[in-house]
Structures are given as structure tokens and as C-alpha cells.
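Quick notes on the structure that follows.
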Amino acid sequence: MKIANINYNIVILISGRGSNMESIVNASNAGTLNGNIAAVISDRPDAVGLKFAKRQNITNSVIDYKKFKIRRRFNEVLANKIDIFSPDLVVLAGFMRILTAEFINHFTGKLINIHPSLLPKFKGLNTHQRAINAGQNEHGASVHLVTDRIDDGPIILQVPVPIFADDDAATLAARVLEKEHKLYPDAINKFINEKLNVIS
């Protein structure tokens, strides 16, 4: 069933292939995402996801992080670019740059990220192997509000994924990513429809 688009402006930030960005755009095209994809911005000119955005006729641009010697200046330019689109929500979809506290504060309450674990477990990198090494029988993904503490913001939505005896990091990562593709649009809808009535 399709839901009404309320013209809630969403800007998506990517660094690579942008598979989660694709899932969000596809949901918007299908009328099952309660928002408008205003722009896709990459920090890398070779990001594969830009090709998809162009094919979808989505406004897209690049702010190449390699051209900035100072991280704070990159963040300032990125924030100014995002502001052009008057975003109601800024979505990190595989965006690999560290954001400054000033950037996060500028978009406080409307900056979200997806992380491949059931937060607060396994913050940081290499989550799939760490979950296996820890003998967990369940892993998953979380969408959360971004704060100035890494992978520490309030959780909007999570999805569990079982860990099988023969799993390695690659097979587990592939199953988690498949779940992420539904989780992220669902979390965006929850964010918009429930006005940040999130899990604390």
C-alpha cells in the first residue's frame, strides 16, 4: 500500500556503492517512503552510487574530501551544500568521513546513520567478525540518531539477524546488508511519522 508523500526533504550522503541509498530511493519511487529525496552528495567523485542517482534524475554533487587539508573545513563546505536543499533529514548511507561536532550540532535531531550491529553492542568497525568471535547467536543492524559520540545516538529501529554455525564475516555481512535495505526506509518512515519518538 502506498503512503502519501509529505514533501519531507531528505538529503543522502554516500561514499561508495550506495546500496542503502538505492533502497531508500526505490522506496520513494514506489510511494512507500514518506519523504522526498532532495539530493545525493558524495565525498568521492568515483562513488558508484552517483551513477544510480544520475539515472534516477536526482540532484547529485561531489565534495571531494581529498581537496581539503583540514577536516573542519570539509565539514563546513559539506554543511553549506546540504543547507541549499533545506533538509528535514540528513541520511548517512555508507558515508565514510568523520563528522565534526560542529557539523553534528548544526543538523542535530535530523542526522541519522545505519550501523551493522544491534547497538549498543559492537560499536565501531569489523562488527560481523567481532560478533562471531564473541559467540553471539544473533547480530543485526540499527538506525540511530547521530550524536558527537560514535555509534551512540538514540536508536530509531533495529533488525536482528541470526548467526549460523558456518558463518564467516562475509556471509554474515551479506545477510545483514540485505536486512538493512528494508530497515533504512522503514526507520526513515518511523522517524518522520512518529516525530522522533525513538527508543532511548
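The values are calculated or read from the model by the stated rules, or taken from the named source; none is laboratory data. The structure presented is a predicted model; accordingly, all values stated were derived computationally and were not measured. Cβ atoms come from the backbone with ideal geometry, glycine included; neighbour counts cover every protein chain shown.
General observations
- Cross-chain or 6+ apart pairs with Cβ under 8 Å, region 153-179 first and closer than 30 Å to ILE104 by Cβ and of a type in the set (S, T, N, Q), then modelled with pLDDT of 95 or more and in a strand (DSSP E or B): GLN158/GLY140; GLN158/ALA141; GLN158/SER142; GLN158/VAL143
- Residue selected from region 114-155 under the condition aliphatic (A, V, I, L, M) and either in a strand (DSSP E or B) or closer than 20 Å to ASP83 by Cβ (or both), by the criterion nearest to the chain's Cα centre (by Cα): ILE114
- Pair list, Cβ < 6 Å and 6+ apart or interchain, from region 115-131 residues that are more than 17 Å from LEU183 (Cβ to Cβ) to residues that are among the charged types (D, E, K, R) and in a loop (DSSP other than H, G, I, E, B): LYS123/ASP151
- Restricting ILE84, ILE58, ILE63, ILE70 to those that are surrounded by fewer than 20 Cβ atoms within 10 Å (Cβ to Cβ), of a type in the set (Val, Ile, Thr) and farther than 26 Å from ILE192 by Cα reduces the list to ILE70.
- Annotation: ILE41 fulfils all but one of (1) under 21 Å from ILE156 (Cα atoms); (2) modelled with pLDDT of 95 or more; the unmet one is (1).
- Verdict on ILE156 being buried (at least 16 other Cβ atoms within 10 Å of the Cβ), β-branched (Val, Ile, Thr) and more than 25 Å from LYS179 (Cα to Cα): no
- Subset tally (residues that are within 17 Å of VAL90 (Cβ to Cβ) and free of Cβ contacts under 8 Å to residues at least 40 places away in the same chain) for region 29-46: 4
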